[in-house]
Amino acid sequence: MVDAFTQLPVAVLSLNPAVDITYEIPKLIADQKVHALNSRYDPGGNGINVGRGLKRLGVQACTFCVVAGEIGRFLRHQLDAQLDQVSYQEVDGETRINGTILESLTGAQFEVSGVGPVVSTAQWEHLLDQFVTHCSEGLGVITGSLQRGLPKDLYAEAVSRVRAAGGRAVVDSHDELLRHAIEAQPFLIKPNRFELEALVGQPLTNQRAIVREARRLQERGVTCVCVSMGAEGALLVTSSSVLKGEAPSVPVISTVGAGDSMVAGMVGLLAQGASDQDALREGIACSAATVMQPGTELFDKETVDRLRGEVRVTLLSL
Ligand SMILES: Nc1ncnc2c1ncn2[C@@H]1O[C@H](COP(=O)(O)OP(=O)(O)OP(=O)(O)O)[C@@H](O)[C@H]1O
Ligand SMILES: [Mg+2]
């Protein structure tokens, strides 16, 4: 493994970050005011989560994000305190607010995703230029949804530019955004099983079917396909092997942020020159540690260190 000095540069793109508000309440009742037992504010959005995860793992990364208005100012304040390196693109409007309600009596969780600000072509082009410059010869993480009005092939454009600059693009997205991004031949994609099913237009009921579809994507130019399968762990199909990582058995408090934690763990280790096996193990340890945390809270490093040894990674002969 490469030491911290020789870690490859990592850039994370976050075009639609948010401030997450989480209320813990006993139970929602229609037409009645309910008083929160707890409320908290966290920076949110998939790219931001990946950035926060990398920071917790001690991996150097720069997050490139769009901020707007007063909510954006609040988000900047939080990110400046929680991330090492952030590059901001200011736009008009307001950064979105996402709301999560946790019902303590039922364990149910409700989530509302807010509407993000409008980003002009010149603004996202500028942010993309900076992102690509940072991750040339490194890893560029492209993740999450885009606000309305942005082109559906923006992630494909990002992947093409990362590749042209000599970097490796990692994409965790879905539907049209993922479909276009695949055409630009990213290094790694991390769909969950349902996202892969939607992509290929058929149910995938066993590992053999998942691996078959992953290989088809490789024939179209994707180097590695990691398919996450919730409590069943994940499959990583690379050019030379098919690896299965079993998720450790952990108490599940909230699965929010599991996918982002998996991406952070894998990218962190790949940037340090680790093997595919170790990268998958790290991704699974990080994501399992995150499901043990409430709401939007991510893994803590000590839990990851403890779980790592419990993750079994095997080579499949499929
Ligand atoms: N119940 C669980 N127990 C242990 N680990 C889990 C559990 N659920 C998820 N994980 C871990 O999190 C990883 C990602 O989960 P999942 O496949 O649900 O991704 P996702 O749907 O992309 O998540 P997200 O909703 O955060 O985007 C899994 O591969 C696994 O390692
Ligand atoms: Mg996901």
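The values are calculated or read from the model by the stated rules, or taken from the named source; none is laboratory data. For clarity, every value in this text was computed on a predicted model and none was experimentally measured. All Cβ positions, glycine included, derive from the backbone under ideal geometry; neighbour counts span all protein chains shown. Ligands, DNA and RNA are excluded from the accessible area calculation, which covers all protein heavy atoms including side chains. Shrake-Rupley method; radii C 1.70, N 1.55, O 1.52, S 1.80 Å.
Quick notes on this one:
- In segment 242-271, the residues that are modelled with pLDDT of 95 or more and open to solvent by less than 10 Å² (accessible area, probe 1.4 Å) form Cβ pairs under 6 Å with partners that are more than 10 Å from ligand 1 (Cβ to nearest atom) and of a type in the set (G, A, S), at six or more places apart or across chains, as follows: S261/G53; A264/G53; M266/A279.
- Qualifying residues in segment 59-83 (those that are open to solvent by 20 Å² or more (accessible area, probe 1.4 Å) and in contact with a Lys or Arg (Cβ under 8 Å, 6 or more places away or on another chain)) - the one nearest to ligand 2 (Cβ to nearest atom): Q82
- When residues of segment 4-34 are limited to those that are outside any strand (DSSP E or B) and among the β-branched types (V, I, T), the one modelled with the lowest pLDDT: T6
- Considering L243, L235, L217, the condition of being more than 7 Å from ligand 1 (Cβ to nearest atom) and in contact with an Asp or Glu (Cβ under 9 Å, 6 or more places away or on another chain) is satisfied by L243 alone.
- Across segment 174-198, the number of residues qualifying as β-branched (V, I, T) and either over 25 Å from G149 (Cα atoms) or assigned to a helix (DSSP H, G or I) (or both) comes to 1.
- The listed residues are A258, A234, A247, and the only one of them that is in contact with a Leu (Cβ under 7 Å, 6 or more places away or on another chain) and within 15 Å of ligand 2 (Cβ to nearest atom) turns out to be A234.
- Candidate set from segment 147-182 (those that are of a type in the set (D, E, K, R) and touching a Lys or Arg at 6+ places or on another chain (Cβ under 8 Å)); member that is least open to solvent (accessible area, probe 1.4 Å): D172
- Residue check, L188 at pLDDT 95 or above, farther than 30 Å from A108 by Cβ and either within 16 Å of ligand 1 (Cβ to nearest atom) or crowded, with 23+ Cβ neighbours inside 10 Å (or both): yes
- Members of segment 126-145 found to be farther than 17 Å from V59 by Cβ, in contact with a Phe, Trp or Tyr (Cβ under 7 Å, 6 or more places away or on another chain) and not hydrophobic (A, V, I, L, M, F, W, C), listed by number: Q130
- With respect to the conditions (1) within 15 Å of V141 (Cβ to Cβ); (2) within 16 Å of ligand 2 (Cβ to nearest atom), E195 lacks only one, and its number is (1).
- Test: residue in segment 272-290 that is in contact with a Pro (Cβ under 6 Å, 6 or more places away or on another chain), open to solvent by 20 Å² or more (accessible area, probe 1.4 Å) and more than 14 Å from ligand 2 (Cβ to nearest atom): no
- Candidate set from segment 36-57 (those that are touching a residue at least 60 places away in the same chain (Cβ under 8 Å) and in a loop (DSSP other than H, G, I, E, B)); member that is surrounded by the fewest Cβ atoms within 10 Å (Cβ to Cβ): L37
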